[in-house]
1. Straight distance only, please: which lysines reach the Cα of K83 with their own Cα at less than 24 Å, same-chain residues fewer than 8 apart left out?
2. Segment 113-170: which trypsin sites (Lys or Arg not before Pro) are DSSP loop and have at most 12 other beta-carbon atoms within 10 angstrom?
3. For the chain, what does the convex hull of the Cα positions come to per residue, in cubic angstrom?
4. Be a star and scan segment 53-96 for residues whose amide nitrogen sits under 17 Å from the point 7 Å along the Cα-to-Cβ vector of R235.
5. Full extension from I215 to A126: what is 0.36 nm times the residue separation minus their Cα-Cα distance, to one decimal in nm?
6. Between Q224 and V104, what is the spin-label point distance in nm, taking each point 7 Å from the Cα along the Cα→C-beta axis?
7. Calculate the spin-label point distance for K83 paired with E63, positioning each point 7 Å from the Cα along the beta-carbon direction, and give it in nanometres.
8. Starting from the Cα gyration tensor of segment 214-269, multiply each eigenvalue by 5, take the square root, and state the resulting semi-axes largest first in whole Å.
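Read-outs: derived from the displayed coordinates by stated rules, not from any lab. Note that the structure is a prediction, hence the values are computed from the model and not measured. FYI the Cβ positions are ideal-geometry reconstructions off the backbone, even for glycines, and counts take in every protein chain you see.
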Amino acid sequence: MQPQANATELDSESLDQLAGAIAAQLSVTRPLAQRDAAIASGLLQRARRSAQAHREFVTLRREDRVYTTVSAGVHSHTLRHGKGVRIDLLQLEPGASLNWPDGVFAQEVLVTEGALNEGLSGALTAHSLCLRKERSQSLVAGAAGARVYVRQLTAPEELPEIERDWWYATEPAQASPWEPLSEGVEIKVLRGVGGVMSTLARIASGAQVVDHGHILDEECLMLQGDLFLGDILLRPDDYQVAPAGCKHVNSMSDTGALFYFHGHMPTPV
């Protein structure tokens, strides 16, 4: 079998012949030299702006996960540990109990797959959340097991006051219905206290998120679809932290997306 040439290795006549084989009316149109240079320059400038805007972001890819067994039937990967919190992704085998590490004051538990039995109050199913404030509140994986994202309060004194209030607020925090944020973008607040919230966001195919800044660190876990943050592509199970003071710009989704984030209500810029 003869090796196939890449399109970039073909001369103009060969490209025209290839185009004709695809569709009778299709032909290759090359931009004028000055237009070609303008396109290249524009793309380079866009990449530079994106890199500059997101230089402080921390992005952790799903391919880099290494899980360790921390208790019977529970396997954990730590995403973040510092600034008053520890964040783990956990895989629970059927019947396994969610662990409570030493030095933890409270846990925010988001189920990403499967279910956790919450006793008499029912079960936590995919994309539902609870705040666990004591070790005695048992959470056990269902018959199919569970995957959970757990934010854990480890050092309250290191948190901004409004973030501490989110953890310690005693009033009931019911999840809101889905509400529009902008064209093609909806949010569902799972727990909100004083502008600090844990939220699901749903973006339609082709929709864009309004450029915005953050007064607190914002943590994001992708659940479904894809999301471009400038030139950074996030896919299911990718995790990202946007530090306080940074901005999200040029955010959009080709296919549509569902993701979780925790932080302060975004401020348009």
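1. Hits, sequence-local ones excluded: K133, K247.
2. Within segment 113-170, the qualifying trypsin sites (Lys or Arg not before Pro) (loop, at most 12 other Cβ atoms within 10 Å) are R135.
3. 201
4. What the label zone holds, given the 17 Å backbone N cut-off, is 59-66.
5. 29.1 nm
6. Output for this residue pair reads 2.7 nm.
7. The modelled label-to-label distance comes out at 2.6 nm.
8. Taking √(5λ) for each eigenvalue gives 19, 12, 9 Å, largest first.
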